[in-house]
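Contents: one structure, followed by commentary.
Read the figures in this text as sums done on the coordinates, not as results from a lab. It should be emphasised that the depicted structure is a prediction, and the values quoted were computed from it without experimental measurement. FYI the Cβ positions are ideal-geometry reconstructions off the backbone, even for glycines, and counts take in every protein chain you see.
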Amino acid sequence: MMRDLTNCSENRCPIQFTLEMVGGKWAILILRELFVSSRRTHEFIEALPGISTKTLTARLRELERYGIVERRVYPEVPPRVEYSLTVKGRQIQPVMVALKHLGEHWLQQDACNCPMDLDATLTEDSAA
């Protein structure tokens, strides 16, 4: 029996919807960095070789517009700006963990030291 998939074409496809939010170039790697802790612009630039400041700013603004990332400006001179994940942004962690494990399997390599390990992140969150 064939399944009728017209619902996904008539309505918005949930996979497409999610990818529109986090599928842009660099977005997943930006989120990976935010699972470690809040970040400032220069920390992203150091952690993500090849990303331009312009692209980083554009991706952060998109993620902020989708409610995934929060931007906090501190009233200092010069102003300090930090980015962090929102509660909504943290909901993508299981998906990113699955991507990490699949990549390790396909690369046939041992686990890397990555902030996407659920146990490590949960331990850090409970200690905070």
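Rounded to the nearest 20, the size of the Cβ-charge dipole of segment 12-127 about its Cα centre is 600 debye, with Lys and Arg at +1 and Asp and Glu at -1.
Straight-line cross-link partners of LYS100 among the lysines, defined as a Cα under 18 Å from its Cα and at least 8 positions apart when in the same chain: LYS25. Take 105-113, 64-72 and order them by the average number of nearby Cβ atoms within 10 Å per residue, most first; the result is 64-72, 105-113. Across segment 12-127, Cα pairs under 8 Å and at least six residues apart give a relative contact order of 24 percent.
Straightening the chain between LEU99 and HIS42 buys 17.9 nm, computed as 0.36 nm per residue apart minus the Cα-Cα spacing.
In terms of packing, defined here as the mean over residues of other Cβ atoms within 10 angstrom, the peptides 19-31, 40-52 line up highest first as 19-31, 40-52. If a/c stays under 1.5 just call it rounded; otherwise compare a/b with b/c (prolate if a/b is bigger, oblate if not). Do that for segment 12-127, with a ≥ b ≥ c from the square roots of the Cα gyration tensor eigenvalues. Prolate shape, in that a/c is at least 1.5 and a/b is the bigger ratio. Each Lys or Arg adds one and each Asp or Glu takes one away; over the other residues whose Cβ falls under 9 Å from the Cβ of ARG39, this sums to -2.
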